[in-house]
Amino acid sequence: MEQQILIGLLIGIICLIFMIIKTKIHTFLALIIATIIVGIVGGMEYPQIIGSITKGFGGTLGSIGIIIGFGVMMGQLFEVSGAAKKMALCFLKIFGKGKEELAMAITGFLVSIPIFCDSGFVILTPLIKAISKETKKSIVSLGLALATGLVITHSLVPPTPGPVGVAGIFGVSVSSIILYGILIAIPMVLGCLVFSKYAGKKIWQIPTGDGKWTRDKNYVDNSETSSVYDEANLPSAFLSFSPIVVPIILILLGTVTTTMKLEGKIVSFLQFIGTPVLAVGIGLLITIYGLTRNLDRQRVLEEVEIGVKSAGTIILITGAGGAFGMLIRDSGVGDVIANSLVNTAIPPILLPFIIATLIRFIQGSGTVAMITAASITAPIISKLNVNPVLAALAACVGSLFFSYFNDSFFWVVNRSIGITEGKEQLKLYSVASTIAWAIGIVVLLILNIFIK
């Protein structure tokens with residue numbers, strides 16, 4: 001029976017990867033079909049297969065579906081209000097001239113917590129072009145600093161849908177993923193920042209007044225351009241930062257008071273509003289009534305609808321990943337693999353990391369890679385002496401490996417900064433994403449030594 005279950009899992013995973021890469025079947029449907037294949041080939045009873053699918057789908061979304069919906073709505077409104085640009089300008093003023101790359105990295109780090117990294121980069125591209133023109137800093141160093149800051153928190157820090165979905169599949173609190181995700185993300189961003197500056201020196205390129213690019217260091221731009229610090233029609237700094245900062249503070253307060261086992265009505269209320277669902281919901285309300293004051297009611301509702309539509313796909317994929325994981329649990333294959341891993345020298349925390357890395361390299365989507373890896377490994381990790389929060393983040397870190405031609409963000413970054421030659425593309429953002437991946441797993445392995 002054990003051998004049959006393992007064969008079923010192997011065939012299911014092969015079919016899943018094939019469907020995602022080679023067919024027209026959507027990832028959501030591919031996950032459900034693969035789940036059924038594992039159950040049938042593994043010898044499970046038909047009612048048990050259906051029961052595992054419905055239980056896993058509902059159980060996963062019951063914990064994180066609302067957070068994904070709130071987070072995506074907030075990101076959509078954050079995008080159209082100008083808050084992202086305002087945050088970038090604040091950091092430029094704080095760090096001053098000569099620290100533009102650091103300002104862009106920190107901007108990306110914060111902006112991508114509520115916004116998809118693709119959207120965040122598109123929104124801020126005019127700003128990095130203006131900075132490049134005004135300061136003569138290479139668009140390569142500015143663009144890579146911004147891109148890596150965006151993609152790292154997009155991959156590790158909720159309420160971005162990917163890490164929220166992984167948290168739900170592993171059954172860990174979103175607040176824990178936020179805290180440890182930020183801790184791991186900081187050295188990753190700093191490492192990528194060093195590479196960004198190095199790459200900018202190797203490839204010096206700035207935008208010209210006619211919308212093209214030049215590598216001629218004697219180029220003089222005679223076109224009239226407004227200052228990069230033009231802040232007309234942007235929301236205030238306080239309002240721009242509030243939708244991100246307030247939920248994080250509330251979640252921190254809720255987590256700290258719970259850990260310290262404090263009691264009292266005020267403490268209970270703090271723990272109540274510090275639950276991730278309510279904290280992100282409060283951030284959404286701040287966004288609606290603070291950042292969109294200059295937009296009419298119809299426009300706000302239309303933008304929220306756009307966010308809801310994009311959330312639907314992510315919610316379905318996350319739920320299907322939960323169904324896949326539940327069937328693996330119910331089939332007992334997790335116990336079989338866990339027992340075999342105990343006798344090997346492979347650290348169990350590397351299992352979700354390796355699977356996410358392979359899937360990322362094969363099909364390109366970081367979100368699909370981390371959720372698929374979580375679905376496969378969560379039932380196994382639960383049987384081993386591994387911190388599930390770190391295991392969940394291992395899947396997230398693995399999803400950053402070597403972004404190249406099959407990754408949409410790869411094209412967004414390279415096209416936006418004017419890098420068109422394939423060799424240069426692979427030497428820039430592809431290397432930067434791999435540096436983030438490598439630093440992330442090193443930090444995770446160090447944390448794994450001290451946290452059980």
Scoring region 67-140 by relative contact order with C-alpha pairs under 8 Å, at least six apart, yields a percentage of 34
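Given Cβ point charges of +1 (Lys, Arg) and -1 (Asp, Glu) and nothing else, what value in debye, to the nearest 20, does the dipole of the chain about its Cα centre take?
Here the chain has a charge dipole of around 720 debye.
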In nanometres, the difference between 0.36 nm per residue of separation and the alpha-carbon distance of residue 296 and residue 442 is 47.8 nm
Mean Cβ-within-10 Å packing, highest first, puts peptides 101-111, 140-150 in the order 140-150, 101-111
1/(1 + (r/R0)^6) with r = Cβ-Cβ of residue 260 and residue 135, R0 = 51 Å, i.e. FRET efficiency to nearest 0.05, evaluates to 0.60
Simple spin-label estimate for residue 451/residue 46, 7 Å along Cα→Cβ, in nm, reads 4.6
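Under the classification rounded if a/c is under 1.5, otherwise prolate if a/b is larger than b/c and oblate if not, where does the chain fall, given a ≥ b ≥ c as square roots of the Cα gyration tensor eigenvalues?
Because a/c hits 1.5 or more and a/b exceeds b/c, the chain counts as prolate.
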Nearest 10, in degrees from 0 to 90: the angle of helix 429-450 to the longest Cα principal axis of the chain is 50
Heavy-atom accessible area with a 1.4 angstrom probe orders 26, 154, most exposed first, as 26, 154
With all protein chains in place and a 1.4 Å probe, residue 299 shows an accessible area in Å² (nearest 10) of 90
Ranked output for segments 367-373, 4-10, 291-297, 353-359 by mean other Cβ atoms within 10 Å, highest leading, reads 367-373, 353-359, 4-10, 291-297
Measure of exposure for residue 277: accessible area at 1.4 Å probe, Å² rounded to 10, is 50
Applying the gyration tensor rule to the Cα atoms of region 255-337 (axes a ≥ b ≥ c; rounded if a/c under 1.5, else prolate if a/b exceeds b/c, else oblate), the class is oblate
Taking R0 as 22 Å and r as the Cβ-Cβ distance between residue 241 and residue 310, the FRET efficiency 1/(1 + (r/R0)^6), rounded to the nearest 0.05, comes to 0.40
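What order do 20, 244, 40 take when sorted by accessible area (1.4 Å probe), most exposed first?
40, 20, 244
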Using alpha-carbon positions, the gyration tensor of region 249-391 gives root eigenvalues a ≥ b ≥ c; with a/c under 1.5 called rounded, otherwise prolate if a/b exceeds b/c, else oblate, the class is oblate
Simple spin-label estimate for residue 204/residue 221, 7 Å along Cα→Cβ, in nm, reads 1.6
In the neighbourhood of residue 196 defined by beta carbon distances under 15 Å, the net charge of the other residues (Lys, Arg +1; Asp, Glu -1) is +3
In Å², rounded to a whole number, the accessible area per residue of region 310-452 with probe 1.4 Å is 35
Nearest 10, in degrees from 0 to 90: the angle of helix 333-342 to the longest Cα principal axis of the chain is 80
Reported to the nearest 10 Å², residue 411 has, with a 1.4 Å probe, an accessible area equal to 70
Checking rank on 201-207, 256-262, with mean other Cβ inside 10 Å and highest first, the result is 201-207, 256-262
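From Cα pairs below 8 angstrom and at least 6 apart in sequence, can you work out the relative contact order of the chain, rounded to a whole percent?
Worked out over the chain, it gives 23 percent.
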Taking Cα atoms only, helix 276-286 is inclined relative to the longest principal axis of the chain by an angle, in degrees rounded to 10, of 30
Long-range amide H partners of residue 214, meaning residues 5 or more apart or on another chain whose placed amide H is closer than 5 Å, are 206, 208
Taking protein heavy atoms only, a 1.4 Å probe, and rounding to whole percent, the accessible area of the chain owed to carbon and sulfur comes out at 65
With the 1.4 Å probe rolled over protein heavy atoms, region 72-126 has an accessible area per residue in Å² of 29
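The values are calculated or read from the model by the stated rules, or taken from the named source; none is laboratory data. The structure presented is a predicted model; accordingly, all values stated were derived computationally and were not measured. With ideal geometry, Cβ positions are generated from the backbone for all residues, glycine too; neighbour counts draw on all protein chains shown. Areas reflect the complete protein model, heavy atoms only, side chains present, ligands, DNA and RNA absent. Shrake-Rupley method; radii C 1.70, N 1.55, O 1.52, S 1.80 Å.
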